[in-house]
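Worksheet: the structure to be examined is printed underneath.
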Amino acid sequence: MENYIVSARKYRPITFETVIGQASITTTLKNAIKNNHLAHAYLFCGPRGVGKTTCARIFAKTINCHNIKEDFEPCNVCEPCKSFNEGRSYNIYELDAASNNSVEDIKQIIDQVRIPPQVGKYKVYIIDEVHMLSSGAFNAFLKTLEEPPPHVIFILATTEKHKIIPTILSRCQIFDFNRIKVDDTVKHLEYVASKEGITASHDALNIIAQKSEGAMRDALSFFDQIVSFSGNKITYENAIAHLNVLDYDYFFKLTDFFLQGKIPESLLTFDEILNNGFDGHHFITGLAEHFRDILVSHDIATLKLLEVGDNIKERYKIQAQLCSPDFIFKALKICSNCDIYYKASKNQRLHVEFALLQLCNILSTSSSELAGTDTPLKKTIAEPKTVTTVQNTETKTEIQSEIASTHHTKPNTVKKVETKTEDTTPIKKSFSIKEAANPLPKKINESQTEKEKQPGISTANPFSIEQLIEKWNSFAEKLKETKPRLYNTMVANLPELRDNFVIEVAFSNLSQSDALKEIQNELLNYLTTELQNNKISIIPTVSEQTGEEKKKLYTDQDKFSYLNEKNPNLLLFQQKFNLDFK
């Protein structure tokens with residue numbers, strides 16, 4: 001009976017051409033041989049099973065080959081090639097640094113490198129898992145690695161490059177090996193299956209390739225296991241059953257439930273997955289990956305990022321048309337949060353089930369939020385705030401009666417009434433500072449008319465006083481560097497929200513009110529955009545000072561007058577030196 005050899009060893013590459021997924025590295029090594037630019041030390045680093053040791057062996061065999069081919073591949077006919085293939089070469093040494101990691105082991109290598117090769121041109125030392133060397137061994141190796149004899153080449157291989165000290169890294173040419181792509185792995189598995197006379201479906205091989213995570217050795221090991229499990233015919237069902245992989249059908253079915261808001265069906269499907277022996281954390285990460293695949297299936301340009309079989313790819317394209325980008329983004333966020341806090345949760349099943357409930361409610365929540373933005377008609381014809389700011393009592397009563405009589409008319413009728421009230425506003429007989437600080441109703445209506453023209457903004461989106469103060473303070477922060485006094489004024493005098501989205505700001509003196517008028521239009525535009533409401537109006541008022549409030553000093557002139565009362569010589573000092581307040 002012939003001895004069985006696993007596929008990972010039986011189909012191990014013996015030439016640069018047969019190395020899978022590392023074209024840039026093999027091309028560089030072949031060009032180095034072609035131009036006779038061989039370095040004295042190389043470092044091959046990368047994940048497991050991507051061909052580091054394999055490339056080191058092929059490179060060592062090629063540089064000792066007596067009859068190198070025109071494409072700079074080993075001939076596998078000459079004595080150095082035969083001795084290497086048969087495992088009896090004395091020019092190529094392989095050491096495992098995990099078990100030979102002491103200073104004494106390195107000293108033995110140092111003694112051996114002095115002896116020239118018996119057959120061939122170079123003695124090659126391949127040291128695998130070199131990061132396992134002790135600190136003393138690394139230090140003992142430095143001198144020999146930097147200046148070895150001309151007939152010696154060192155090839156170091158490691159999966160953990162960060163553990164190698166910088167003095168070793170600086171003495172080597174470093175080659176970073178990449179993970180092997182899913183498509184390349186599938187092609188190689190199809191080649192192995194054809195050689196072994198095994199029938200394998202493309203989707204099954206794709207599952208094997210994804211499970212191997214870019215390691216060809218792992219992929220071939222999984223392939224051998226499934227062959228032993230199912231015989232000479234590998235199907236998609238056998239692959240997912242043996243490799244403990246969740247079937248795509250579960251994720252497609254659950255996504256349909258999420259879109260339809262079917263909570264019971266989603267929970268029962270998750271219970272079935274748990275009963276099949278799958279872990280909840282494994283399920284939620286797989287679900288997140290499923291939504292990611294739906295996202296890249298939305299656009300033809302990103303469809304190439306989908307590493308699945310052709311049949312599964314068609315299903316992704318169909319389901320992507322049913323899922324909006326907003327739904328996918330929210331679903332990915334829910335799955336990501338569930339993944340982050342899964343291990344910290346004491347009831348992990350409930351943690352995942354709660355995430356499923358959130359996924360089922362994405363569309364219903366979005367619909368309710370959209371419905372909440374619709375403003376009833378009676379709110380759009382509510383009494384405008386400008387009426388309450390009119391100081392004349394007779395005019396105010398007259399306008400209110402006219403508006404009350406038009407509540408059952410069309411909205412454009414109300415606009416005509418507002419225009420009429422602007423023209424009938426009586427002229428003031430006396431000048432009032434408080435009234436001067438308040439904008440006239442006509443100006444307020446004009447500003448509201450301008451805001452109504454702004455596209456893309458809700459007519460009257462409601463907001464709370466907390467939201468208003470938050471936006472008020474955020475606008476004030478923008479003025480902190482350029483206009484510190486105005487910043488202090490806004491922070492010290494917070495607004496109050498009145499009916500019909502009128503914002504009233506009470507100031508202690510006229511100078512503060514005048515300062516706000518400088519930026520009133522800019523502030524109004526900012527609040528309109530941030531709060532999504534073009535019905536906002538700002539009314540600054542000046543409160544009368546009584547008692548202790550009169551003693552407060554705000555402007556430089558007030559402070560100077562107060563100090564001058566205590567020391568009259570201060571005025572003489574100012575006049576003599578022609579001083580100013582700025």
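The values are calculated or read from the model by the stated rules, or taken from the named source; none is laboratory data. All figures in this text were calculated on a predicted structure; none of them were measured in a lab. Quick reminder, even Gly has a Cβ in these numbers, built from the backbone with ideal geometry, and neighbours come from all protein chains shown. Protein only, heavy atoms only, side chains kept; ligands, DNA and RNA dropped before computing areas. Shrake-Rupley method; radii C 1.70, N 1.55, O 1.52, S 1.80 Å.
Kindly evaluate Q118 against the criterion of being open to solvent by 70 Å² or more (accessible area, probe 1.4 Å), on the phi < 0 side of the Ramachandran plot, among the polar types (S, T, N, Q) and outside any helix (DSSP H, G or I). Spelling it out, Q118 is indeed open to solvent by 70 Å² or more (accessible area, probe 1.4 Å), on the phi < 0 side of the Ramachandran plot, among the polar types (S, T, N, Q) and outside any helix (DSSP H, G or I).
Of all residues in the range 286-313, those being hydrophobic (A, V, I, L, M, F, W, C), farther than 18 Å from A209 by Cβ and in contact (Cβ under 8 Å) with a residue 24 or more places away in the chain number 5. Kindly indicate whether A193 is open to solvent by less than 80 Å² (accessible area, probe 1.4 Å) and in contact with a Lys or Arg (Cβ under 9 Å, 6 or more places away or on another chain). Taking the combined requirement at face value, the residue does not satisfy it.
The residue of the range 150-183 that is modelled with the lowest pLDDT, among those that are assigned to a helix (DSSP H, G or I) and open to solvent by 50 Å² or more (accessible area, probe 1.4 Å), is D183. Does N275 meet the test of being without any contact (Cβ under 8 Å) to a residue 40 or more places away in the chain, more than 23 Å from Y236 (Cα to Cα) and of a type outside the set (G, A, S)? For N275, the condition - without any contact (Cβ under 8 Å) to a residue 40 or more places away in the chain, more than 23 Å from Y236 (Cα to Cα) and of a type outside the set (G, A, S) - is not met. Taking the range 201-250 as the range and being open to solvent by 10 Å² or more (accessible area, probe 1.4 Å), small (G, A, S) and modelled with pLDDT under 90 as the test, the residues that pass are S201, S228, S230, G231, A241.
Residue by residue through the range 506-538, note down the ones that are assigned to a strand (DSSP E or B) and open to solvent by 10 Å² or more (accessible area, probe 1.4 Å). Listed by number, the list holds a single entry, A506. Of everything in the range 469-494 that is within 17 Å of N525 (Cβ to Cβ) and in contact with a Phe, Trp or Tyr (Cβ under 6 Å, 6 or more places away or on another chain), the residue that is surrounded by the fewest Cβ atoms within 10 Å (Cβ to Cβ) is F475. Taking the range 24-39, which residues are over 14 Å from D71 (Cα atoms) and surrounded by fewer than 18 Cβ atoms within 10 Å (Cβ to Cβ)? Passing the criteria: S24, N36, H37, L38, A39.
Considering each residue of the range 57-70 in turn, none proves to be open to solvent by less than 30 Å² (accessible area, probe 1.4 Å), over 25 Å from V119 (Cβ atoms) and not acidic (D, E).
Are any of the residues in the range 78-91 closer than 21 Å to R57 by Cα, among the aromatic types (F, W, Y) and open to solvent by less than 30 Å² (accessible area, probe 1.4 Å)? For the range 78-91, residues closer than 21 Å to R57 by Cα, among the aromatic types (F, W, Y) and open to solvent by less than 30 Å² (accessible area, probe 1.4 Å): absent.
Is it true that some residue in the range 128-148 is within 18 Å of I165 (Cβ to Cβ), in a loop (DSSP other than H, G, I, E, B), without any contact (Cβ under 8 Å) to a residue 40 or more places away in the chain and open to solvent by less than 30 Å² (accessible area, probe 1.4 Å)? Scanning the range 128-148 turns up at least one residue that is within 18 Å of I165 (Cβ to Cβ), in a loop (DSSP other than H, G, I, E, B), without any contact (Cβ under 8 Å) to a residue 40 or more places away in the chain and open to solvent by less than 30 Å² (accessible area, probe 1.4 Å).
Just one of the listed residues (A8, A32, A23) is touching a Leu at 6+ places or on another chain (Cβ under 7 Å), among the hydrophobic types (A, V, I, L, M, F, W, C) and either more than 30 Å from E160 (Cβ to Cβ) or without any contact (Cβ under 8 Å) to a residue 24 or more places away in the chain (or both), and it is A32.
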